Amino acid sequence: MNMPSTSLPTALATVGLPALVQVGFVVKNLKQAIAQYEPLFGPFTTMDGSVQGATYRGRTEDANLDIAFGHSGKLEIELIEWKGGHSPHREFIEKGREGMHHVQFRVKNCDAWIKKLEPIGYQTIWYKRWSADTTFAYMEREGDPLIVEFLQMPAGGPGA
């Protein structure tokens with residue numbers, strides 16, 4: 001796939017994305033990362049972020065993840081430690097990387113937003129529909145290390 005000639009900031013601005021709500025970081029050790037970033041983004045809350053039966057690069061896969069959430073004002077900071085299975089987080093760690101991984105946008109219709117980004121070169125690499133009103137998608141494009149995540153979820157949580 002060829003990289004579109006449209007620059008990323010211009011291309012993303014033309015699709016009318018909502019405000020950014022989260023920046024996700026993949027870390028090798030969640031406890032160490034929480035200790036390191038607590039003064040900046042804490043306090044953190046932790047949870048099992050494992051995902052079962054998601055579509056990952058065309059296959060149904062499980063991923064074992066531990067996650068923590070902090071904040072910078074209204075911006076959510078997510079720390080993710082890959083523990084097992086197959087996900088974009090595993091790829092990131094296996095490439096020897098650690099740090100900023102994705103940006104997240106909350107949307108009302110995840111599938112519609114996927115269609116809006118496809119013309120500018122994005123492909124869905126990780127996708128899960130949890131329920132009729134709760135879906136996530138990670139999208140990437142060739143030559144761009146940043147993943148765009150769309151999260152469709154009611155304010156009160158799934159099924160709210």
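For the chain, the Stokes-Einstein estimate of translational diffusion at 37 °C and a viscosity of 0.692 mPa s comes to 201 µm²/s, using the Kirkwood hydrodynamic radius over alpha-carbon pairs.
Relative to the longest principal axis of the Cα atoms of the chain, the long axis of helix 30-41 makes an angle of roughly 80 degrees. Sorted fewest first by neighbouring Cβ atoms within 10 angstrom, S131, S50 come out as S131, S50. As a rough footprinting exposure proxy, the listed residues R141, R57 were ranked by other beta carbons within 10 Å of their own, and the order from fewest upward is R57, R141.
Once both labels are positioned 7 Å from their Cα atoms along Cα-to-Cβ, the gap between Q32 and K95 label points is 2.1 nm. Checking every one of the GluC sites (Glu not before Pro) in the range 53-141 against DSSP loop status and a limit of 16 other Cβ atoms within 10 Å picks out E98.
Cβ-to-Cβ counts within 10 Å put V27, V15 in ascending order as V15, V27, the fewest first.
Per-residue ellipticity at 222 nm, computed for the chain from helices alone with -39500 (n - 2.57) per DSSP H run of at least four residues, works out to -6000 deg cm²/dmol.
Every number here is computed from the coordinates shown, using simple stated rules; none is lab data. What you see is a predicted model, and the numbers here were worked out from it, not measured in a lab. A quick note on method: Cβ atoms are made from the backbone with ideal geometry, for glycine too, and the neighbour counts reach across all protein chains shown.
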